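See below for the structure under consideration.
Since every read-out is calculated from the coordinates, none of them should be taken as a lab result. Remember, it's a predicted structure, so these values are computed and weren't measured experimentally. FYI the Cβ positions are ideal-geometry reconstructions off the backbone, even for glycines, and counts take in every protein chain you see.
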Amino acid sequence: MFLLVLMNAATFGLKYFYSLPEGLKAGGRVTAYRQDAEKGRAYLLEHGPPKGAEVAKATGVKHATRMMWDNHYGWFEKVEVGVYGILV
């Protein structure tokens, strides 16, 4: 299912790179972290930029403020201390 492609280590800093054939999804799996991030994103889209504690309470995502601060998916932006908005 996976294609193994040997890459030039000096150019890419990698020895091996795994890629899926075009159009094939990785089994439709979503991590719990991403699910929590999506809950936060959906809340921000509906309610605007609140305090992180408000997002945590409303969505049940315990570490919502930290997740928005880490911003692994590039969805959030800091508006002020403890307040995050969404990049649309």
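Using a Cα-Cα cut-off of under 13 Å, which aspartates and glutamates could be cross-linked to Lys78, ignoring same-chain neighbours fewer than 8 residues away?
Qualifying aspartates and glutamates at Cα under 13 Å: Asp70.
Test of understanding: ordering His72, His63 by Cβ neighbours within 10 Å, fewest first, what list do you get? Intermediate results must be reported in sequence, preceding the final value.
Numbers: His72 10, His63 13.
Lowest to highest Cβ neighbour count: His72, His63.
Whole-Hz Karplus ³J(HN,Hα) for region 72-88, in order, using 6.51 cos²θ - 1.76 cosθ + 1.60 and θ = phi - 60°, x for Gly and Pro?
In residue order, the calculated couplings are 4, 9, x, 8, 10, 9, 7, 9, 7, 4, x, 10, 10, x, 10, 8, 9 Hz.
With a sphere of radius 13 Å drawn around the Cβ of Lys57, what net charge do the other residues whose Cβ falls strictly inside it have (Lys, Arg +1; Asp, Glu -1)? Mind showing how you got there, number by number?
Numbers: positive: Lys39, Lys51, Lys62; negative: Glu54.
For residues surrounding Lys57, the net value is +2.
For region 32-86, what relative contact order do you get, as a whole percent, if you take Cα pairs closer than 8 Å and at least 6 residues apart? The partial results should precede the final answer.
On the way: 69 pairs, mean separation 20.3, N = 55.
For region 32-86, the relative contact order is 37 percent.
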